[in-house]
Amino acid sequence: MSQNSVGTVIIGGGIGGVALAYYLAELGEADILVVEGRELASGCTGGSLGGVRQQFSTPYEVELALRGRTFWQTFEQTFDYSCTYYQDGYLMLTGREEIFENLGRAADVQRAGGAPNVEMVAAADLTDIVPWLSTQGLVGGCWTPEDGRVNPTDGVYGLAAAARKLGVRFLQHTRVEKIEKSKGGWTLQTPEPVTARRVIVAGGLGSPDLMRPFGLDLPITPMMVHYGFTTPVISDQRLPMTIDLDTGFCVEREQDAAVVTILDSSLPDTYGVEDMLLEFAEAAAVRAPVFTEVGIRSTISAAADATGGDGHPFIGEFEPGLWTMTGFDGHGTMQGPAIAKFTANLIAGIADPFLDPAVFDPRREATATQEWLRAARR
């Protein structure tokens, strides 16, 4: 077939869309085209902190997280491509008894799902893990030392290279304005229209506009996150991804320095980098005074895909030949590859031993939040 008439089109060149292309091709699917409005990994994936954690509160999210962590831990061996997994660990903190109890219940769910090394740590013992932490006002936290971080852009490029070897093609700098039904499939309205037998919408923040004409209102909205990259700090000590669920204080290792931010899914549109840095400094003065002494070398702002409803992604065939795989709620790096493999198997008719497709059905009534352990202040 020509590039303008293909078997399967995947809209979105982030970690999910590129991984899906690879897994479909690995299953023997031919004539796959990935269409990306800008460049690969230029959307939510490119703005991600790259955290990989097992700390979730529902069995399905834990299962996806564990599969995702295994994917990243073995990425270099599987794809023969450089993408280091930094096993720095994850530390969730709180000064509220009820949140600490919820963390404990979530830890039980993680252990029941097969997650190793989930430790509930009292405040007095936290400095054994992170000596730079001030435990003032804390009750404790949950520590998962096998969690870590990656550079998701490296992962996208590695997956794209592997997908190309299997015949997948990529069309970048091509925005899809609209999807329309056509004879034998679908037509994508682009500068040069593309027709396909199957279309899979994996466009992150752009997915709602593409699916709304078909009567599907996806509760996916941008959540702006502002990051500061510091001068070198505590390079001789452990620096896991550390999140204070009470204040949104968040730090992560970046070479010999750190990335800092305030995580909050309800910030107004007027909240910017300067607001974040001021608020971070106030939180750091209490939680980790060493971070009040660092300089900020650079900053970036990026949008994550905040997902409403129950917190699960939207995966499934909405109309014959029209699929969605979107709504990762800011967890695309850690879960996207696992979700992509699940979706590829679903398309191929391969049953999953644990994940129920109905849980992710894009038609479901997803009004009650099930996954509460979103890494933001509460």
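Summary of computed values
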{"item": "D_trans [Stokes-Einstein, Kirkwood Rh over alpha-carbon pairs] for the stretch 292-374, 10 °C, 1.306 mPa s, µm² s⁻¹", "result": "108 µm²/s"}
{"item": "Within the stretch 115-154: backbone nitrogen closer than 11 Å to the Tyr81 label point (7 Å, Cα to C-beta)", "result": "153-154"}
{"item": "Farthest positive-ward along the chain dipole, Cα basis, beta-carbon charges - from Ile262, Gly51, Met241", "result": "Gly51"}
{"item": "The chain, relative contact order in percent, only Cα pairs under 8 angstrom and at least six apart counted", "result": "24 percent"}
{"item": "Rough spin-label spacing in nm, given labels placed 7 Å along Cα→Cβ, for Ser266 and Arg197", "result": "4.9 nm"}
{"item": "Sparse-neighbourhood loop sites, trypsin sites (Lys or Arg not before Pro) in the stretch 85-182 - DSSP loop, at most 16 other Cβ within 10 angstrom", "result": "Arg96, Arg175"}
{"item": "For the stretch 22-73 versus the stretch 324-355, the gap between their alpha-carbon centres in whole angstrom", "result": "8 Å"}
{"item": "Net charge dipole size for the chain [Lys, Arg +1 and Asp, Glu -1 on Cβ; Debye, nearest 20]", "result": "1080 debye"}
{"item": "Folded to 0 to 90 degrees: helix 59-73 orientation relative to the chain principal axis, Cα", "result": "90 degrees"}
{"item": "Heavy atoms of Ile99: accessible area, 1.4 Å probe, square angstrom to 10", "result": "10 Å²"}
{"item": "Cα centroid separation, the stretch 260-278 to the stretch 92-135 (Å)", "result": "25 Å"}
{"item": "Charge dipole (the stretch 211-368, unit charges on Cβ, about Cα centre) - positive-most of Pro213, Thr333, Ala302", "result": "Thr333"}
{"item": "Three-way shape label, the stretch 161-227, alpha-carbon gyration tensor, a/c 1.5", "result": "oblate"}
{"item": "³J(HN,Hα) computed for each position of the stretch 213-225 - Karplus, 6.51 cos²θ - 1.76 cosθ + 1.60, integer Hz, glycine/proline x", "result": "x, 9, x, 10, 9, 8, x, 10, 9, x, 10, 6, 10"}
{"item": "Distance between modelled label sites at Met120 and Leu278, nm, 7 Å Cα→Cβ extension", "result": "3.9 nm"}
{"item": "Sum of -39500 (n - 2.57) over DSSP H runs of 4+, divided by residues of the chain (222 nm, nearest 500)", "result": "-8500 deg cm²/dmol"}
{"item": "Cα centroid separation - the stretch 137-162 against the stretch 177-203, whole Å", "result": "34 Å"}
{"item": "Within the accessible area of the chain (1.4 Å probe), percent carbon and sulfur", "result": "48 percent"}
{"item": "D (Stokes-Einstein, µm²/s), Kirkwood Cα radius, the stretch 1-96, 1.306 mPa s at 10 °C", "result": "100 µm²/s"}
{"item": "Dipole-positive endmost among Gly17, Gly7, Cys142 within the chain (Cβ charges, Cα centre)", "result": "Gly7"}
{"item": "Long-range tail of P(r) for the stretch 208-336 (Cα pairs > 18 Å, %)", "result": "60 percent"}
{"item": "Per residue value of the accessible surface for the chain (all protein chains in place, 1.4 Å probe), Å²", "result": "40 Å²"}
{"item": "Cα-centred dipole magnitude for the stretch 1-85, charges only on beta-carbon of K, R (+1) and D, E (-1), debye, nearest 20", "result": "280 debye"}
{"item": "Spatially proximal lysines relative to Lys341 (Cα-Cα < 25 Å; intrachain offsets below 8 disregarded)", "result": "Lys165"}
{"item": "Span per principal axis, largest first, for the Cα atoms of the chain (Å)", "result": "66, 42, 41"}
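The values are calculated or read from the model by the stated rules, or taken from the named source; none is laboratory data. Everything numeric here is computed off the predicted structure, so don't read it as measured data. Positions of Cβ are backbone-derived with ideal geometry, glycine not excepted, and every protein chain shown enters the neighbour counts. Remember, those area values only see protein heavy atoms, side chains included, never the ligands or the DNA or RNA. Shrake-Rupley method; radii C 1.70, N 1.55, O 1.52, S 1.80 Å.
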